[in-house]
Each structure stands twice: as structure tokens, then as C-alpha cells.
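Read the structure below first, then the notes.
The values are calculated or read from the model by the stated rules, or taken from the named source; none is laboratory data. Because the structure is a prediction, the values reported are computed rather than measured. Cβ: placed from backbone, ideal geometry, glycine included. Neighbour counts: every protein chain shown.
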Amino acid sequence: MIDRLRQSLQRIASFFRRAQLDQDFDSEMASHLELAIEENLRSGMSPAEARRQALIQFGGTQQAKENHRDSRGIPWLESLLQDLRFALRMLRKSPSFTAVAVLTLGLCIGANTAIFSVVDALIIRPLTYPDAGRLVTIHEIIPKLSSFAPLVPVNAVHFREWQKNARSFDQLVLLGGRSFTLTGTGDAQRIPGARVSSNVFSMLGVKPQLGRSFRADEDVPGHDQVVVISHPLWVSRFNANPDVIGKRIVLGGDSYEIIGVLPEDFHFPRLSQLYAMTVSEEHPEIWKPFALRDDELDAVGDFNFACIARLRPGVSISQAVSELNLLQADFVRQLGANVELHATLIPLQDQITGRSRASLELLLAAAAAVLLIGCVNIANLLLTQAVTRRNEMAIRSAIGADAARLTRQVFVESLLLSTLGGLCGIVVAYSAMRVILTNVPIDLPRMDEVHLNGWMLLFTLGVSTATGLLFATLPAWYIARIDPLATMRSSTRSATSATKVSRLRSLLVSLETALSVTCLIAGGLLLHSFINVLSVDTGFEARQLVTVDLNLPDTRYSDLTTKNTFLSALLERTRALPGVSASGISSKLPLSGEGGNNLVLAEGVDLPYEERPLADIRNVSPDYLTAIGIPLRKGRVFGESDRTRQVALVSALAAERIWPGQDVIGKRFRLGGIDSPLNEIVGVVGDVRAVSLNKSPSLTIYVPYWQRFRNDVSLIVKTVGDPAVVSSEIRGLIRESDPEIPVSAFQTMQGIVMSSVAPRRFQTTLVLLFAGAAALLAGLGIYGIVSYSTSQQTNEIGIRMALGAQRPTIARLVFGQALFPVGAGLLGGVVLSLGLRRVLSSFLFGINPADPATILGVICFLGLVAAAAIYFPLRRAIKISPMSALRYE
Amino acid sequence: MSDSKLDLLQGTLDLMVLQTLAAMGALHGYGIARRIEQVSGNEVLLNQGTIYASLVRLQQRGWISAEWGTSDNNRKAKFYSITKPGRKQLSEDAAYWQRLSLLMNRVLALPEQEDKS
């Protein structure tokens, strides 16, 4: 055993000392021969005879050398190196082929690596928390509401029940969004934050880098004036000063003590990723204990929060779900309420990445298709090379190289090519990743965790090797079947192998045409959907609108009166600015998340709780509707004179659904329980796509801002002049009125619309890019194959011409030959894309996945590309004079 | 190929070389080859050149060592000698060959069955 190991080591050592050992052996052989000659001379031979006999006894010196080398070194590696040297020489000899192949591969592999690294970070690699596989989010289900919201956020009372009774979990954590206004040090700043159960960090397995985490006794109102801050906030706002622990800061007018700073590599998900509904919450930077207040403990209303839990080891999701459902049923029985209540779990990983997953898989599929087309092209080029090199291969085979050795040569060449392509791909991937990371729409979660790493390099290596092996199989197959005798006897190919090779080529053309048709159809459909989304009737007018978010500190704006006074004054002063044609406020802007959802109970109708319609409630100023361009359909808009009355506007859809076939003006309704005040409808307004452009308008009710208390409002201003000038004037106005109100960045409404469609645009752009690449590669592939086969047919063409065939006849012949596989590919691609229509339809908006216009357009486009790819080599072929064609070869 | 000479079985040459070195002390390649020829009484079909593949193999396994030196008649030559592990290996291999050859003798001594057709 040790001897064997020793021998292996020695063999490796010898491999690196080849030259020296060869020399040593040369002298040893020389000495051997001298000794033999000497002995032969002594036995009386003539010098010439003595030498001859010595050589005969020794046997072949070359053979002895080979044997010596083989038994001392690593023979397979040495011949592999030989193959590699030879392959390098071949690649150097045809630089244009090499460049085209390496670049094609580099782009294809690079694109795949870049997309894959996003997929890897988002989907494959688990979250960075320890034992993250056991982390789940919990959502509630109210079956009666499931058509409107299949999953609803968590109710705090229900959460308490689970926390008390559920045995399936180690820990449960309740989370809620909560922005803070930090004042006192520098400009007032709005900081996204969260209310969390005190055990959140221990559940996620993170320890603060400085200070401590929350204690359970801090999770109670009155004792909750402590915060933990993120590393970035610590650096940006507190200059990474370790003394911040124990310091008090002012948040929304209240004083809090900083007790901990989280480590730099800790990532907390965006809260919106934890909710089952569309909410606009960002990455929290400040955490405070949840400290549930009594007024939040409504057992049947207020489904407001997110919940993360850690499963007990060995408990499956379905076990935990059934336990939760039992608890929910018990709870409903206790309440005596006539409502069905369920709950469900989603693994945290799926919860966070779920929405992006399908989209990324689509991109990966498109990138893979392009890579496959690239492979087909290179396989074709290599096949062409193999055919032209058949003489060389025949000679090598005749002088003793076996088929395995020859095919290995082909594989070595392909792998060398694909490895070079892979290296090039790493460069491409690296730059592509930077582009993706800087341009990616914010919707993609965990984007900050994406970077090139060892896994990526491994992936690239894997893909390059796989592609190399893939495109080597055809030429290897061809070369293994070369009959040396037949090949060397005639300079033209034997008829059978020629037809086989050209049939193979036609198959490749069909394959790549089909793949690129599919890509183009997918791209076309996505583009169409994107245009559809952009041209959808939003119900509002985004042009010339600037918006800004305000947060009134709740300590100083603790009641309706102070808030209303401030807002009225601000609206008044804004309206008076030059360049402003209208200004208004709303609790929520369109496309910035759902407003406050509330159950509506029409007067005189007594529907059970779960059958009441749910409406999106927005608190607005009268001018808001004018500013944003929502038309009044009926009645009037509320005005200052309504300050003392409970009034409301309803959207056309809400009027139609809640009061079908009735005149709603003057009708009254309640929001919430039976004891809440009645609101009178004074007007009906147009419907708005307020949640998302591709989501149809929801039932919406507009209530005057002065009726409801909210600290977060958005100011919206219709400008006639330069929005930038107006923005800075408004910023000044706000600062003047109250310097402690944090002012966010101004956004144009058009910007908000564009960023709401950014993920779709990103996806469409990439798929179109891949589709374009696919079409280009397919065109190049067809061009390459046709020009090769026409050059092979030159002789035949010459004979036909000499026999009197007219050029157009020949052109038709060649064109027909080339067009047949393209046509088959076009057909195949259409069939393939129809087969994928169910997958595709989930990405589309307002277009049939089998849209005939798109399919026809793609066929025409690719048909034209193919025709151009065929035309140029064809023209060259038929321009040739019969005489020179016959002399060819 | 002359059918009067023996073709060497795989591995036998290594054993012969080891035995030769064990019996004769340090020898150069030519000496080893000549010695094997003499002992076999020219029964072995051996190109002297093939001995070197065996020598390098044995050397890499650490069973023999090699050193350049001078022959009796003042010629530079590479001298091989058996090492301690080499001797151990030799006794193991020799025992193995003896068992094998005894077995083969016994098997070949079985009487041939009469042809009954």
C-alpha cells in the first residue's frame, strides 16, 4: 500500500522532471550498448557486427524509451498534454473560428452565470439565519374573504393564543411596520422601523454586535422605550460610535434608549416580503419591542401584523398547520362568533422569494435556450472542421491511432474551447452582474446578497464542461466512423456519410430555429403585455404631478385639531405658490400599497361580519381628486362646508357593488362595527388602479382627511411650471411651518408609475435581449451551414450549369434545400411555444399566450433572418462560372 | 515470434530482476539482462531494453536503489542494488510464485478424460 503510494508520488514527480529523466535514460542506454559492444568484441566479433548484435539484443531503442516513460510517469496525462498542445495549435491556426466560438460561448455562459447567481442567491441558497429551514411565516385565512384576499395578515389576539397554546413552535414573533421620525440630531429624518416581539433576534439567531437585545419585560406598554438599531444606521447617523449604547434619542417626539447595534452581515427582510398583502414597507433600520396596546386587541377586526415562527425540530409544516387550525376553531367557538377561521404556514424562504421565483426561472430558461443555440452553432462549426480534417484523421488512424484516441482529440479541442469560453463568460458575468445589480427593480428581494462567489465559478466551470462535451459529441461521432481507406482513396466524401452529415446539419438548423422562435414569441408576448400595462386606463393623470411624504410627529400632532390646522394651512400656502395649479393630500398615493382596508356596512342592511364588502379607505382633501385627475361621476365633492358632517365619496365600482342598481347619493354606511358613525355619500368618482397597474380597481371610499387621524400623509401637487422649482419651494414651506417634520425625497407621479412597472420592464428587457441574441445566433448558424454546404456543392452546381441548368433553377434548388429545415424549425418553435402557453400566461397581461399576431410576426421576422442568411452564400455560389466550379477541389 | 522461447508473464520480470540483484549485489542494467539470459539458458524471449521499464518501476516502489558508478572496465554505468523493503518483497513474491507453480503442477497433473465420442 505504502509502496503503491510511493510509486504514485514518484510518478507525479517524474512527470515534472521528464526532460532530465529522458536525458538520464539516454546515457544509461548508451552505457548499456557500450558494455554490450565491448563484450561482443571480446567474444571475437568485428566492430560492425558487435554493434549490430548489441542493437539486436537491446531491441528497439525508441520502444524502450517509450516503455520507460510509460512506466515511470503518468502516460495518460502526457498524451493528454500532447492533445492539448495540438488543440491549442489548431485553435491558433484558425483565429477567426476561435474568436467567434469563444465570444459566443463567453456571452452565453456569462449570461447564464449572471442569471444563475441571482437565482442562487434568491432561491437556492437558504436564508443566512442559522437553521433557517425551520423558519416559517404564519398567515390567517378567512374563507368568506378568500376571493378578495386568500391570505390575511395576523390578528394580535390570535397571535397571543398561538403563543400560549401552540406546541409546534419553539418561538413565535409578531411584527408590524412602524416608521420613526428621528429628531434632535441634525435634520429630522424618517427612518423605517418595526415593532417586534422581544424574542425576534434570538429566534433569528443573531446577537447584537454592541449592547444587548430586548428583554421580555420590555415587551409591555410603558416599558418599551428601548430600540435596537441596524449597522448601516449606526454608521450613517451615529458615526459608528460605540458610545451610542445607553444613549437616548428622540423618535416621534418620544425619548428612547439605544440598547443594541446589530452586526453588519445581518439582513432583516423587508416587512412587505413577510405580508400576504401588498404593503409598502422597507427594510427596518430601527426595532422596538412590540408592546401590544389594549386598543389593538380586537379579536375579530384588525388583521394587521406579520408573524414569523420557528418550528420545533421534527415538526412538519402540515402538522403545525393542523395544530393551528384546531386552535383557530377553538378560539372561534370560545368567542361564539359565526365565522370560519383558518391559518397557514409558508416557509420563510418561499415567502420572501416566492414572487420573484417564477420570473427568474423564466429568465434562466431564456438564457439556457440561448446557450443551447450557441452550442448548436459551435457543434456545427466543429462538425464542418471535422469533415475538412477527415484526411488528417484518416492518416492518424492508418498509422495506429485508435478511434478512442482520435475522438479524445476532438473532446480535448472542444473542452479547451469551452473552457476559454467559460473564462470569457466569467468576465461577462461579472460585468452583467454589476449592470443587473445597479438596474434591478427594487422588487427583487435579497438583492444585496447577490455576488459572484465560489459557487458561481463552479457553476461556470460546470456549464462550460457540459457545453464542451455537448458540442463535441457530433464531430466525435463523425470522426469515430471515418473509414481511413475509403477516405484516403477518394478526395470526396463517401456518399453515405455525406447525406448523414447533411441530415444531421438540417436537424441542428431546425433545432436552433425552433428554440429562437420560442424565445422570440415569449419576448414578443412580454413586450405586448408591458405595453398593455403601460397603456391601461389608470383612472388618474400622472403628468405634471409631484409628490412628497410627510410624517407628523405624534407627540405634537396628537389630536385631529392640531393636525387639521397644520394641513389646511399647508394646503393653502402650497396652492398659493406660483406654478401650482392644484394640491391635495391623501393617506396613500396610488401604486404605493393598499390603503386602509375596512369592512363596509350599508345602512339598513344587516350582513354578517364575514359577508360585508371590504373597501380600500383613503383619507383625502377635497382638492386631491382635482389634482390627481380622478373625475367626479355624480353628485359633488365634499368641501370645507362639510367639516361638521360625516361625508364620503365612493368609487363607481363601490357604488355598483354595495348598492347595486340604486342611486347612492344620500345613502349612508358605517365603517367597522354597528356602533360606528354613519357616513353620508355625497358623490361618486371614477375608479382608479391604485394597488397595481395590472390589478383591476378595488372598491374605494374617500373620506375627508379631517375626519380620521393619520400621521402619515402624502402631499400631491399639480404643477404648471418646472416640477423641480416647485419641489424646492414646497420643501421650504414645510421647513418654515415645522422644521421637525421629516420631508422625504420628492417623486413625480410618473416616476412612481414607472417604478411600479420596473420589475416587468426588467424581465421584458432581459427576455427580449435573450430573444434577440437567439435570433442573431440562429441567423449566424444558418449562414454558416448554408455557406459550407454550398461550397461543398460547388462541383455539383458546376456540372448542372455545364449541362444547361439556368441560374434561377439552381438557386431555387439550393434555396429549397436550405429552407426546408428552417421551415420545420419555425413550425417546431410555434408548437413548442403553444405547449408552454400555460407557463407563459402567468407573466402576461391583456394578451392571449397564443396571440396569432405575435406568432405570425415572429415567423415573418425569423423567416426574413433565415432568408438573408441563406441568400448571401447562395448568391456567391451561383455567380461562379461553370468552368471554375468544375475545376474546384 | 519464435515459439521455442518463453514469453514473460506480467510481473515475472520484476521478480527475476529482484532475485538477480539479491543474489549478485549491485549490477548495471546490461549485467542484469545478461544474467537473466544466462540463468534462463536463453529460454526467455527478452529484449534487453525492456528491463529498464521494470527497473524504473521497482525503483519507484523503493525496492531497489540506483546510482551512477564505474564498471570493472572503467565505463560509466548506472548500478542497481536491492533495498531492505525490496528483499522483503522478494521473499513474499517468491513464496507466492512457488505456491502458484505447485498449484499449476497439480492442476496440470490431473489425468485427461478419455474421449468417448
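Being among the β-branched types (Val, Ile, Thr) and part of a helix (DSSP H, G or I) is the filter; apply it to segment A:837-889 and report the residue that is nearest to A:Ala778 (Cα to Cα).
Quick first cut of segment A:837-889, residues among the β-branched types (Val, Ile, Thr) only: A:839, A:847, A:854-855, A:858-859, A:865, A:870, A:878, A:880.
After this cut, where a residue has to be part of a helix (DSSP H, G or I) as well, the list is A:839, A:854-855, A:858-859, A:865, A:870, A:878.
On the way: A:Val839: 24, A:Thr854: 19, A:Ile855: 17, A:Val858: 13, A:Ile859: 13, A:Val865: 9, A:Ile870: 12, A:Ile878: 24 Å.
So, considering only residues that are among the β-branched types (Val, Ile, Thr) and part of a helix (DSSP H, G or I), the one nearest to A:Ala778 (Cα to Cα) is A:Val865.
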Going through segment A:671-729 in order, the residues found to be acidic (Asp, Glu), at pLDDT 85 or above and under 33 Å from the mean Cα position of the chain (by Cα) are A:Asp687
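Is it fair to say A:Ala101 is crowded, with 17+ Cβ neighbours inside 10 Å, away from every other protein chain (no Cβ under 14 Å) and under 30 Å from A:Leu348 (Cα atoms)? Before you say what the answer is, go through the steps one by one.
Details: crowded, with 17+ Cβ neighbours inside 10 Å: yes; away from every other protein chain (no Cβ under 14 Å): yes; under 30 Å from A:Leu348 (Cα atoms): no.
No, not satisfied.
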Need pairs with beta-carbon distance below 8 Å; first residue within 26 Å of A:Ala306 (Cα to Cα) and within segment A:351-364, second among the small types (Gly, Ala, Ser); sequence gap 6+ or separate chains. A:Ala358/A:Ser842
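From A:Asp83, A:Asp120, which residue is away from chain B (no Cβ under 14 Å), touching an Asp or Glu at 6+ places or on another chain (Cβ under 9 Å) and of a type in the set (D, E, K, R)?
Details: A:Asp120 fails: touching an Asp or Glu at 6+ places or on another chain (Cβ under 9 Å).
Unique residue meeting the criteria: A:Asp83.
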May I ask you to list pairs of residues, at least six apart or on different chains, whose Cβ atoms are under 6 Å apart, with the first in segment A:28-56 being assigned by TED's automatic domain parsing to the domain that holds A:His68 and hydroxyl-bearing (Ser, Thr, Tyr) and the second being surrounded by 16 or more Cβ atoms within 10 Å (Cβ to Cβ) and not in a helix (DSSP H, G or I)? A:Ser31/B:Ala77
In this structure, is A:Gln189 modelled with pLDDT under 90, closer than 30 Å to A:Leu693 by Cβ and not basic (Lys, Arg)? no
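May I ask you to list the residues in segment A:1-41 that are among the β-branched types (Val, Ile, Thr) and either over 17 Å from A:Glu78 (Cβ atoms) or in contact with a Phe, Trp or Tyr (Cβ under 7 Å, 6 or more places away or on another chain) (or both)? If you could, list the steps in order and put the result at the bottom.
Keep residues of segment A:1-41 that are among the β-branched types (Val, Ile, Thr), which gives A:2, A:12, A:37.
A:Ile2, A:Ile37, listed by residue number.
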Can you confirm whether B:Leu55 is within 9 Å of another protein chain (Cβ to nearest Cβ), part of a loop (DSSP other than H, G, I, E, B) and surrounded by 12 or more Cβ atoms within 10 Å (Cβ to Cβ)? no
The residue that is surrounded by the most Cβ atoms within 10 Å (Cβ to Cβ), considering only those in segment A:314-335 that are within 32 Å of the chain's Cα centre (by Cα) and not in a helix (DSSP H, G or I), is A:Val315
All positions within segment B:20-32 that are more than 8 Å from chain A (Cβ to nearest Cβ), touching a Leu at 6+ places or on another chain (Cβ under 9 Å) and assigned to a helix (DSSP H, G or I): B:Thr20, B:Leu21, B:Ala22, B:Ile32
Can you pull out the residues in segment A:17-36 that are over 60 Å from the mean Cα position of the chain (by Cα) and more than 10 Å from chain B (Cβ to nearest Cβ)? A:Asp26
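So, in segment B:58-87, how many residues would count as being small (Gly, Ala, Ser), touching a Phe, Trp or Tyr at 6+ places or on another chain (Cβ under 9 Å) and either part of a loop (DSSP other than H, G, I, E, B) or more than 7 Å from chain A (Cβ to nearest Cβ) (or both)? I'd like the intermediate steps shown before the answer.
Taking segment B:58-87 first, the residues small (Gly, Ala, Ser) are B:62, B:65-66, B:69, B:71, B:77, B:81, B:86.
Narrowing the set further to residues that are touching a Phe, Trp or Tyr at 6+ places or on another chain (Cβ under 9 Å) leaves B:65-66, B:69, B:71, B:77, B:86.
In the following step, the residues that additionally are either part of a loop (DSSP other than H, G, I, E, B) or more than 7 Å from chain A (Cβ to nearest Cβ) (or both) were identified as B:65-66, B:69, B:71, B:86.
The number of residues fulfilling the criteria is 5.
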Residues to consider are A:Ser568, A:Ser558, A:Ser581; find the one that is outside the structural domain of A:Arg190 (by TED's automatic domain parsing), in a strand (DSSP E or B), surrounded by fewer than 20 Cβ atoms within 10 Å (Cβ to Cβ) and of a type outside the set (D, E, K, R). A:Ser581
Checking A:Ile124 against (1) surrounded by fewer than 19 Cβ atoms within 10 Å (Cβ to Cβ); (2) modelled with pLDDT of 85 or more; (3) among the aliphatic types (A, V, I, L, M), which single condition isn't satisfied? (2)
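Taking the criterion of being among the polar types (S, T, N, Q), out of contact with any Lys or Arg (no Cβ under 8 Å at 6 or more places or on another chain) and in contact (Cβ under 8 Å) with a residue 24 or more places away in the chain, would at least one residue in segment A:670-693 satisfy it? It would help to see each step written out before you state the result.
Initially, segment A:670-693 is screened for residues among the polar types (S, T, N, Q), giving A:676, A:679, A:692.
Subsequent filtering for residues that are out of contact with any Lys or Arg (no Cβ under 8 Å at 6 or more places or on another chain) retains A:692.
Right, trim to in contact (Cβ under 8 Å) with a residue 24 or more places away in the chain and you get A:692.
Yes - at least one qualifying residue is present in segment A:670-693.
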Scan segment A:622-634 and tell me whether some residue there is modelled with pLDDT of 90 or more, crowded, with 19+ Cβ neighbours inside 10 Å and polar (S, T, N, Q). no
Got a number for residues in segment A:39-59 being facing another protein chain (nearest Cβ under 7 Å) and either loosely packed, with under 14 Cβ neighbours inside 10 Å or not polar (S, T, N, Q) (or both)? 2
Condition check for B:Gln98: over 30 Å from A:Glu39 (Cα atoms), within 12 Å of chain A (Cβ to nearest Cβ), out of contact with any Pro (no Cβ under 6 Å at 6 or more places or on another chain) and in a helix (DSSP H, G or I): no
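Would you pick out the residues in segment A:689-723 that are farther than 30 Å from A:Ser529 by Cα and part of a loop (DSSP other than H, G, I, E, B)? Steps first, please.
Quick first cut of segment A:689-723, residues farther than 30 Å from A:Ser529 by Cα only: A:702-715, A:717, A:719-723.
If the condition is that a residue be farther than 30 Å from A:Ser529 by Cα and part of a loop (DSSP other than H, G, I, E, B), then A:Arg708, A:Phe709, A:Arg710, A:Asn711, A:Val720, A:Gly721, A:Asp722 are the ones that fit.
Which residues, taken from segment A:592-638, are in a strand (DSSP E or B) and either more than 21 Å from A:Asn711 (Cα to Cα) or of a type in the set (A, V, I, L, M, F, W, C) (or both)? It would help to see each step written out before you state the result.
Kept after step one, since they are in a strand (DSSP E or B), are these residues of segment A:592-638: A:596-602, A:614-620, A:632-635.
Within segment A:592-638, A:Leu599, A:Val600, A:Leu601, A:Ala602, A:Leu614, A:Ala615, A:Ile617, A:Val620, A:Leu632, A:Arg633, A:Lys634, A:Gly635 meet the criteria.
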A:Ser202 vs. criteria modelled with pLDDT of 90 or more, among the small types (Gly, Ala, Ser) and under 24 Å from A:Phe305 (Cβ atoms): yes
